[in-house]
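For reference, the structure discussed in these notes is given below.
The values are calculated or read from the model by the stated rules, or taken from the named source; none is laboratory data. For clarity, every value in this text was computed on a predicted model and none was experimentally measured. Counting neighbours? That spans all protein chains shown, and the Cβs are built from the backbone with ideal geometry, glycine included.
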Amino acid sequence: MPGGPSSYAACEGMLKPAGQRLAEAMSVDTYESILIMKGISLESSPDELMPDEPLIPFEARLFPDAGRTYTVPEKLLREDLSSNKVCWYGDFSKDFWQYTKNSNPLFALWCSHPLHPISRRERHVITIAQIMFVMMISTSIPRAERCYRGGFDSCAVEHAVIYDWKDKVYANHDFCCLTQRMGVQWFLEAFGLEWGGGLYALVANIIFGQLLFQAGANCCCFQCGSKRVRITMESIGHLLILTFCALCCIPLPKFVQYCIAHDQVMFVFHTFVTGKLGSMILTSIFQSFVWYICWRMQCPKEVHGSRLCGVDFAPGKADDKDCHQCGFHVTALDYRAFVQDCRYLGSGDKYAREVGGQLQA
């Protein structure tokens with residue numbers, strides 16, 4: 001994995017002389033040392049060593065990690081990532097930054113871990129697909145509004161004519177029926193023509209994005225399976241992503257042409273910005289809540305840096321039972337035991353000194 005770990009360390013801002021920095025909890029070398037410390041074999045299974053090719057012929061060119069073989073530390077680190085491990089250091093700010101780099105729609109494009117089940121290339125393709133999807137939705141809203149103004153109310157009713165009094169044009173019944181089934185007409189009726197389109201684009205983009213990310217990671221549930229199963233399901237996920245991209249391209253030219261012809265360009269731009277930026281902000285807020293809930297469950301009772309603005313966000317546990325039973329290959333307690341090693345007790349990192357002193361006591 002040339003260039004991977006150093007690239008990730010650059011994102012962490014930890015590129016300091018070896019004796020001056022804390023061991024990275026998400027480093028393959030750290031995982032390997034901890035696995036050895038725990039007495040876990042580092043010998044790869046015969047299944048992992050077997051050469052397997054992705055299902056799609058050009059897949060490896062578009063997604064370079066497709067069909068890749070992993071060492072035991074790499075595979076176990078990847079499995080912990082796919083299982084939504086969020087407590088790496090047992091430090092509030094460090095763990096939140098790790099989660100942000102690997103989950104935030106913006107930061108993860110450049111700073112996600114090289115072994116994350118959703119690779120950076122997959123994130124780039126998914127982001128392009130989301131932009132195309134929001135553009136398709138944004139350019140279809142003006143035509144959907146034509147249906148709303150024309151009095152369309154149900155697919156079950158065969159309208160003799162759907163006439164838009166504002167644009168002085170007739171709306172297509174089949175298209176109006178499609179927008180109702182997709183929920184566009186409900187948003188326009190509930191929130192009005194001014195806000196309904198933008199809110200629909202926002203909600204639709206959040207749902208669409210989650211579907212694509214789940215396809216990219218393939219629910220993460222296949223990461224712990226055999227290599228053949230993992231590669232097959234990842235290929236299916238890639239195929240779904242590319243299919244969604246292709247489907248978004250089909251109606252887009254016609255929708256764009258309509259918006260240009262009816263002077264709806266600024267409206268489309270406003271709807272696009274609202275849908276894209278709004279979904280990123282709401283997704284980030286939601287992810288932060290999910291992270292904190294999981295962090296409290298996975299971390300030991302003693303954590304660091306949890307007091308912010310006078311509020312203590314520590315888990316408040318009586319023991320470390322949850323941390324021991326969380327099911328990860330390497331827990332925050334395992335990492336702390338590794339930090340106790342004499343190589344890090346002399347570190348200039350405040351967290352390393354605190355943990356080392358605490359464990360010695």
Filter segment 11-52 for residues that are of a type outside the set (A, V, I, L, M, F, W, C), outside any loop (DSSP other than H, G, I, E, B) and modelled with pLDDT under 80; the one that is nearest to Leu76 (Cα to Cα) is Glu48
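Listed here are the residues, each with its yes/no results for (1) within 14 Å of Met136 (Cβ to Cβ); (2) part of a helix (DSSP H, G or I); (3) in contact (Cβ under 8 Å) with a residue 60 or more places away in the chain.
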site	(1), (2), (3)
Tyr200	yes, yes, yes
Phe222	no, no, no
Arg228	no, yes, yes
Thr232	no, yes, yes
Cys248	yes, yes, yes
Residue list for segment 255-299, filter: assigned to a loop (DSSP other than H, G, I, E, B) and out of contact with any Gly (no Cβ under 6 Å at 6 or more places or on another chain)
His262, Asp263, Gln264
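How many of the residues in segment 298-329 are surrounded by 15 or more Cβ atoms within 10 Å (Cβ to Cβ) and under 16 Å from Tyr89 (Cα atoms)?
Residues flagged as surrounded by 15 or more Cβ atoms within 10 Å (Cβ to Cβ) and under 16 Å from Tyr89 (Cα atoms) within segment 298-329 amount to 18.
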Would it be correct to say that Leu115 is in contact (Cβ under 8 Å) with a residue 40 or more places away in the chain and touching a Lys or Arg at 6+ places or on another chain (Cβ under 9 Å)?
yes
Segment 220-250 - residue that is in contact with a helix residue (DSSP H, G or I) (Cβ under 6 Å, 6 or more places away or on another chain) and under 12 Å from Met132 (Cβ atoms) and, of those, surrounded by the most Cβ atoms within 10 Å (Cβ to Cβ)
Ile241
Need the failing condition index for Leu77 against (1) in a loop (DSSP other than H, G, I, E, B); (2) among the hydrophobic types (A, V, I, L, M, F, W, C); (3) surrounded by 13 or more Cβ atoms within 10 Å (Cβ to Cβ), just the number.
(1)
Which pairs do you get when a residue that is in the same structural domain as Ser82 (by TED's automatic domain parsing), found in segment 308-329, comes within reach of a residue that is acidic (Asp, Glu) and surrounded by 10 or more Cβ atoms within 10 Å (Cβ to Cβ), reach meaning Cβ atoms under 6 angstrom, with the pair 6+ apart or on two chains?
Phe328/Asp80; His329/Asp80
Examine segment 140-158 for a residue that is outside the structural domain of Val184 (by TED's automatic domain parsing), crowded, with 17+ Cβ neighbours inside 10 Å and of a type in the set (Lys, Arg), and state whether such a residue exists.
no
Checking the structure you have, find out if any residue of segment 40-50 is touching a Gly at 6+ places or on another chain (Cβ under 6 Å) and on the phi < 0 side of the Ramachandran plot.
no
Kindly indicate whether Leu188 is farther than 30 Å from Phe92 by Cβ, at pLDDT 85 or above and touching a Gly at 6+ places or on another chain (Cβ under 6 Å).
yes
